[in-house]
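Novice: Once you've had a glance at the structure underneath, I'll fire off some questions.
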Ligand SMILES: [Mg+2]
């Protein structure tokens, strides 16, 4: 599946990277998924987030949420419940900078 992650509030908060991103992305890839980042702030912002998360080598592509997406969005993860609920998404608890945060592991559990 093509798994899309929102950036702000989902993977990054206040410039801090959410824990377990690398581990979870690697696990998704191991299970045959492709990981993408998309953001309303655009693809270059999404790419800079990947750098901060140290997952650049694991991400298949970066998009703006406003762009035409050239692949099927099979599953997406977002901290905004409204957006997630209306688009067959997975709502994730917003990241608040907690270094012990384990929310991302739920995504891996759901998809593997
Ligand atoms: Mg967000």
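Readers should treat all values here as calculations from the given coordinates under stated rules, not as data from a laboratory. Keep in mind that this is a model prediction, so the values were computed, not measured. Don't worry about glycine lacking a Cβ; one is built from the backbone with ideal geometry, like all the others, and counts go over all protein chains shown.
Novice: Among 35, 77, 24, which one shows the highest mean-square fluctuation when the chain is modelled as a Gaussian network with alpha-carbon springs under 10 Å?
Specialist: 24
Novice: Which part of the stretch 59-87 falls in the paramagnetic zone of residue 16, meaning amide N under 19 Å from the point 7 Å along Cα-to-beta-carbon?
Specialist: Inside the label zone: 79-80.
Novice: If a/c stays under 1.5 just call it rounded; otherwise compare a/b with b/c (prolate if a/b is bigger, oblate if not). Do that for the stretch 1-50, with a ≥ b ≥ c from the square roots of the Cα gyration tensor eigenvalues.
Specialist: It comes out oblate by the Cα gyration axes.
Novice: For residue 1, put the label point 7 Å out on the Cα→Cβ axis and report which residues of the stretch 39-60 keep their amide N under 19 Å from it.
Specialist: 39, 59-60
Novice: Note down the relative contact order for the stretch 45-112 as a percent, whole number, built from C-alpha pairs under 8 angstrom at least six residues apart.
Specialist: 17 percent
Novice: What FRET efficiency comes out for the pair residue 26/residue 71, r = Cβ-Cβ distance, R0 = 22 Å, nearest 0.05?
Specialist: That pair, residue 26 with residue 71, gives E of 0.65.
Novice: Under the rule of -39500 (n - 2.57) per DSSP H run of 4 or more residues, summed and divided by the residues of the chain, what mean residue ellipticity at 222 nm is obtained, to the nearest 500 deg cm²/dmol?
Specialist: -9000 deg cm²/dmol
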